[in-house]
Amino acid sequence: MIRAGAVALALVLAGCHGDALRGDVRELVIGTEGAYPPWNFTRADGSLGGFEPEYLRDLCARLHRRCRMVAMDWDGMIGALQTGKIDLIADAVQITPERAGVLAFGRPYALTTGVIATLRGSPLARLGDDGVTMDLDGKGPAFAAMTDRLRKGLAGKVIGVELSGAFDTFLTQTFADRAGPGVSIRYYRTMGERDLDLLNGRIDATLEDESYIRPLLATRDGAALVMAGPRMIGGSMGRGEALAFRPGDPGLRAQFDRVIGDTLADGTVRRLGLKWFRIDAAPGAVRR
Amino acid sequence: MSEELAFLAATALAIVRALPITLVLSLSSAIGASMLAAVLVAAQQTRIGRPLAHVWIFVFRGTPLLLQMFMVYYGVAALGPIRHGVLWPLFRDPLFCAWLALTCCCSAYIAEVLRAALAAVPTGQIEAAKACGMGRGTRVRRVIMPQMLRLALPAYGNELVMLIKSTSLASTITVVDVTGVAQLVIAHSYRTIEVFCLAAAVYLALTAGLTALLRRIERGLAQ
Amino acid sequence: MSDDLPIATLLGFGPDGWGWALVSGAGLTLAVALGAMAIGTLLGALLTAAQASRAVWLARAAAAYGVILRGVPELLVVLLLYFGAPGMLAAGAALFGLPPPGSPPALLTGCLAIGLVSAAYQAEVFRGGMLAVPRGQIEAAMAAGMGPFARFRRVIAPQVLHHVLPPLGNIWQFNLKDSALVSIAGLAELMRVSLVAAGSTRRPFLFFATAMVLYLVMTSASTALFRLAERRGQRWAGGR
């Protein structure tokens with residue numbers, strides 16, 4: 001994940017005015033990274049764009065609340081939430097058990113999978129199990145066989161991942177306990193660097209979120225890439241993305257959960273997913 | 001407590017395993033940069049070579065080494081003739097790209113050191129050597145070079161210390177050297193200070209060792 | 001996003017252009033270098049004073065600071081501050097029973113990291129500059145009835161400045177170039193902007209070459225400025 005500068009770029013979300021000004025309802029401050037495309041990113045002119053800025057604008061309008069989105073470093077975001085500098089986080093936060101202690105997760109509004117991307121001509125392009133959803137919390141012989149196929153396919157290859165992301169955890173866990181040829185993991189500080197090396201052929205493949213890879217494949221350079229192998233969820237890759245609130249703020253969370261339910265029901269989430277990720281990222285859209 | 005010690009021991013072992021990369025990179029780019037610097041100084045003595053050497057030194061001294069690393073690793077490597085040419089097996093390797101960037105960058109700094117030392121060799125001595133009937137080659141070998149090396153040594157030593165420190169930048173283009181290992185350990189353990197202190201101690205030992213060695217050589221030359 | 005765009009558009013100031021980002025990145029580069037220089041001058045002067053101190057432990061601590069900060073890669077110092085600062089701040093806050101304050105602004109972290117290194121080198125320069133003024137001259141100036149201000153203005157400053165300006169110019173150049181390391185901390189200075197632009201447009205050669213040109217403009221402009229200052233300094237010192 002690109003670490004944005006901590007300079008908070010304030011952005012008053014257009015369309016949040018309306019009748020929100022009536023009464024003394026306080027403006028909500030939403031923290032985001034502004035550097036995790038296509039979820040959220042900072043445009044050349046300093047404004048925020050992407051799935052979450054547009055989605056949160058919709059949610060705030062449904063709640064009749066005035067909202068302001070600020071970009072900040074992920075490192076400082078949880079601290080800012082705890083100290084009340086921001087009221088909630090909208091930053092593709094994945095629901096993992098470790099985070100559940102400090103954050104109160106709202107209803108998930110997206111469920112994306114981890115995928116393997118490689119050059120078209122690469123032997124990895126024929127990894128097998130293409131597009132099959134692989135639940136990393138799964139058990140049983142079918143899961144073990146799939147893990148084994150994946151392990152054999154990736155053995156001896158150079159896989160590029162982002163430093164301190166969730167994907168290298170998966171790779172080290174999958175290959176740690178086995179003798180024989182492992183994978184060599186190459187670490188990158190930004191996704192752009194990793195993409196350049198993937199396109200250059202310096203690395204054999206990358207493991208990345210589908211929501212990032214799909215739009216990349218649609219670009220001119222990205223056309224040289226394909227997705228291969230299963231789509232992975234659960235385990236170290238989390239179970240969906242949700243808004244994060246202070247544990248002591250259940251009222252606000254309940255309000256948001258209600259309108260998130262509305263947007264899931266009326267197809268808003270589906271529409272925005274197709275627009276920004278080129279997939280329906282709504283929870284429940286992933287089928288076994 | 002014992003868990004803490006075990007972590008430190010494991011980290012120290014990982015760092016020591018990466019030490020050969022840092023050493024090989026330091027030594028090979030020190031050799032490469034010194035040779036290239038000698039070529040640059042020789043080129044400065046000719047009419048055609050002078051502006052070329054000047055531009056080389058201007059560019060490599062005037063821009064950050066980090067940028068030069070990225071330029072070699074991502075920029076130059078993406079150019080068609082490199083990406084699809086015979087040199088690609090070399091450029092594909094991050095270690096080679098780091099060596100190339102370090103060699104080019106440090107050659108510019110060392111060339112300045114050598115040039116200053118050359119200018120400091122007394123002209124009287126060169127004329128005396130000429131008067132003794134020494135040929136050009138003999139003059140360079142027996143009069144100019146020994147003087148130049150002695151005059152250049154302290155500043156040259158500083159440049160070598162800088163070079164050792166600069167090898168840490170190779171970690172930014174995926175080379176897993178001492179700094180690279182330190183960063184990986186931190187990314188997985190979230191223990192920052194003790195890991196960086198271990199890595200810093202390794203560099204400190206290398207630079208202090210080199211400094212002591214150079215002092216000894218200087219003393220030897222002075223006698 | 002920016003497939004097949006012409007170079008003029010990519011480097012321009014339009015909606016698809018990185019022109020403004022690069023220019024403001026260069027501005028931040030200058031800001032980091034200036035901040036680091038200021039921190040380095042302050043701390044460097046303190047270190048020089050400490051090294052001249054009669055308290056042996058203080059002098060030794062200052063000397064050790066110099067040896068360590070000049071012997072360790074600048075990149076490690078930047079990384080240590082960037083990754084270590086939130087933890088150190090949290091530990092400090094915990095002492096007072098406060099919640100962790102999060103990470104400090106990247107600009108501050110960057111200035112501090114480069115400044116801490118700069119201080120070690122500046123202290124050396126100041127020490128050399130102090131030695132350049134013979135003790136006898138100061139005593140003579142006192143005997144001639146000069147006050148402390150006149151002594152500083154007419155005897156000490158001209159000589160120290162004359163000795164200190166050229167090496168300080170060198171240190172400034174190093175600060176300017178070392179500021180690129182702060183890109184690791186996520187600050188959108190010139191190096192970072194060119195890297196992000198290279199990654200998202202997948203035109204690395206173009207953006208790194210542009211960044212090199214901008215750095216060359218900054219380094220050669222500051223060389224010219226320091227030369228001017230040296231000449232002025234000489235005139236101020238009574239001309240030669």
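The values are calculated or read from the model by the stated rules, or taken from the named source; none is laboratory data. Since the structure is predicted, the reported quantities are computational estimates derived from the model, not experimental observations. Heads up, the Cβs are rebuilt from the backbone with ideal geometry, glycines too, and the neighbour counts pull from every protein chain shown.
Of the residues in segment B:178-194, how many are surrounded by 21 or more Cβ atoms within 10 Å (Cβ to Cβ), more than 22 Å from the chain's Cα centre (by Cα) and facing another protein chain (nearest Cβ under 9 Å)?
3
Considering every residue within segment A:109-122, establish whether at least one is surrounded by fewer than 16 Cβ atoms within 10 Å (Cβ to Cβ) and touching a helix residue (DSSP H, G or I) at 6+ places or on another chain (Cβ under 7 Å).
Yes, that holds for at least one residue.
Say whether the condition of being touching a residue at least 40 places away in the same chain (Cβ under 8 Å), more than 9 Å from every other protein chain (Cβ to nearest Cβ) and out of contact with any helix residue (DSSP H, G or I) (no Cβ under 6 Å at 6 or more places or on another chain) is met by at least one residue in segment A:35-45.
Yes.
Is it fair to say residue C:141 is assigned to a helix (DSSP H, G or I), more than 20 Å from residue C:37 (Cα to Cα) and either of a type outside the set (Ser, Thr, Tyr) or more than 28 Å from the chain's Cα centre (by Cα) (or both)?
Criteria met by residue C:141.
Within segment A:177-188, can one find any residue that is touching a residue at least 40 places away in the same chain (Cβ under 8 Å) and crowded, with 22+ Cβ neighbours inside 10 Å?
no
Residues checked against (1) in contact (Cβ under 8 Å) with a residue 24 or more places away in the chain; (2) of a type in the set (Asp, Glu); (3) surrounded by 13 or more Cβ atoms within 10 Å (Cβ to Cβ):
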{"site": "B:119", "(1), (2), (3)": "no, no, no"}
{"site": "B:130", "(1), (2), (3)": "no, no, yes"}
{"site": "B:143", "(1), (2), (3)": "no, no, yes"}
{"site": "B:176", "(1), (2), (3)": "yes, no, yes"}
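Within segment A:76-93, is there a residue that is more than 17 Å from residue C:196 (Cβ to Cβ), in a loop (DSSP other than H, G, I, E, B), at pLDDT 90 or above and of a type in the set (Asp, Glu)?
Within segment A:76-93, one or more residues are more than 17 Å from residue C:196 (Cβ to Cβ), in a loop (DSSP other than H, G, I, E, B), at pLDDT 90 or above and of a type in the set (Asp, Glu).
Filter segment A:200-234 down to the residues that are surrounded by 18 or more Cβ atoms within 10 Å (Cβ to Cβ), under 23 Å from residue B:75 (Cα atoms) and among the acidic types (Asp, Glu) and list them by number.
The answer is A:204, and nothing else.
Just a yes or no: is a residue in segment C:85-96 under 22 Å from residue C:131 (Cβ atoms), touching a residue at least 12 places away in the same chain (Cβ under 8 Å) and part of a helix (DSSP H, G or I)?
Among the residues of segment C:85-96, not one is under 22 Å from residue C:131 (Cβ atoms), touching a residue at least 12 places away in the same chain (Cβ under 8 Å) and part of a helix (DSSP H, G or I), which makes the answer no.
Enumerate the pairs (first residue in segment C:47-61 and in a helix (DSSP H, G or I); second residue anywhere and of a type in the set (Ser, Thr, Tyr)) with beta-carbon separation below 7 Å, excluding pairs fewer than 6 apart on the same chain, so at least 6 apart or on different chains.
Short answer, once both residue conditions are applied: C:47/C:65; C:59/C:53.
Answer yes or no as to whether residue C:223 is under 19 Å from residue B:60 (Cα atoms), surrounded by 18 or more Cβ atoms within 10 Å (Cβ to Cβ) and polar (S, T, N, Q).
Taking the combined requirement at face value, the residue does not satisfy it.
How many residues are in contact (Cβ under 8 Å) with a residue 24 or more places away in the chain, more than 19 Å from residue A:252 (Cα to Cα) and more than 19 Å from the chain's Cα centre (by Cα) when one looks only at segment A:81-124?
5
If you take the residues of segment B:82-95 that are within 21 Å of residue B:176 (Cβ to Cβ) and surrounded by 17 or more Cβ atoms within 10 Å (Cβ to Cβ), which of them is farthest from the chain's Cα centre (by Cα)?
The selected residue is B:91.
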